[in-house]
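First comes the structure, then the notes that go with it.
The values are calculated or read from the model by the stated rules, or taken from the named source; none is laboratory data. All values derive from a computational prediction rather than experimental measurement. Backbone-built Cβ (ideal geometry, glycine too); neighbour counts: all protein chains shown.
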């Protein structure tokens, strides 16, 4: 009965039964402890844990999972060490919890040690532990370990849809979008159906590659599989349409979603920002507040981005101050970058300097690049030189600051300075990278770069470009 009440959220009744019980065995203590942990009542769980006459591995697992769930990773690690010293045998749930702890602490070395303990504890891993390992390596951006582990699972034929999703997600998080799409096709050929988590990852890859065809197929699959009712699937779909240039479909998805969370609102605000529709982005933000949704740092980043793209300096500063003082959200570097970009584009370089002075961290390449581009617009040679010097040291192989600074000097008629910058660029061996583009045709990506002679159809491509150029001139 105690287990039933705790499972269905009737914690007060469970507590009353627990206190009234004349005899409490290990199971009774553990059920009560687990109930407290699942309700986030760690103080009560600790009290039960310390009062228990004896503790087994199940008890330790429940307490470790509770601490891990609340982000108390150091405490969970201490419990694992205590469990090990007590001579208790770790189970698959123990190892899974500790891998979550290693991920939460961003401690790759700890995760590798846990992997070693798993290898010594059992000759063959369960699918549950394997998936936890895949998730750990995926979130730690260790693609080599991730792929090696997955290949070993393939040999043992103990892979699952969750395993494939962890692998695909790892590749997407590391920007290997084309490889992620290939893995998705391999997963389908293996006879496994993608779940909503798989679809979310693939939709992110589709949006980054602007593969709207695949995105629409995934939309159809979500409807047929019943996953469309999920707020997470809907939000991922909305974001995909927005980034692929289909604003109308993004808005339709938003309107049709039965449930919306902050991720959903962020996605639709971002879609408007992406299209330069700052007024609509701000309107959506105000609607979000009226619905009682609490904005997070990503929400404000979307709003500030919209202001930056449209030169809305007054509105940008208004929402930046609102974020800091009304919602008490500490700005990220990206927020400062949007503000500096907006002020710089408007030519307010004194205000740019004030923002730089109040930042709690050093400006990085993105911020200095933004300042340099603003200097190019307004011809601010002195600040441009300072910004370029910063970029020369932060990104020594990037040709962009050299080219921009040289062009600023040339536009001002300072030809000797322009030549000097180009000479420095040559002496340092910095070269401007070729431009790249790609196009999707029948779900296949074709990449092109400047002066590329390796494409087997280069002659026909040039012939077609020449035909289109002549047609355009006529």
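Return the residue satisfying two criteria in turn: it lies in the range 177-216 and is touching a helix residue (DSSP H, G or I) at 6+ places or on another chain (Cβ under 7 Å) and not in a helix (DSSP H, G or I), and of such residues it is farthest from residue 230 (Cα to Cα). Here the residue is 209.
Scanning the range 222-236 for residues that are assigned to a helix (DSSP H, G or I) and either in contact with a helix residue (DSSP H, G or I) (Cβ under 7 Å, 6 or more places away or on another chain) or surrounded by 24 or more Cβ atoms within 10 Å (Cβ to Cβ) (or both) yields 222, 227, 228, 231, 232, 233, 234, 235, 236. Screening the range 277-328 for helices (runs of 4 or more DSSP H) wholly inside it with 2 or more residues that are within 23 Å of the chain's Cα centre (by Cα), without any contact (Cβ under 8 Å) to a residue 60 or more places away in the chain and under 23 Å from residue 351 (Cα atoms) returns the ranges 297-310. Looking across the range 66-85, the residues that are surrounded by fewer than 17 Cβ atoms within 10 Å (Cβ to Cβ) and in contact with a helix residue (DSSP H, G or I) (Cβ under 8 Å, 6 or more places away or on another chain) come down to 69, 70, 71, 82.
If a residue counts only when it is more than 21 Å from residue 94 (Cα to Cα) and modelled with pLDDT under 80, which helices (runs of 4 or more DSSP H) contained entirely in the range 5-69 have at least 3 such residues?
Hits in the range 5-69: 11-20.
Take residue 239 and decide whether it is assigned to a helix (DSSP H, G or I), in contact with a helix residue (DSSP H, G or I) (Cβ under 8 Å, 6 or more places away or on another chain) and closer than 19 Å to residue 253 by Cα.
So residue 239 fits the description; yes.
Condition check for residue 318 on (1) farther than 27 Å from residue 245 by Cα; (2) in contact with a helix residue (DSSP H, G or I) (Cβ under 7 Å, 6 or more places away or on another chain); (3) modelled with pLDDT of 95 or more: one failure, at (2).
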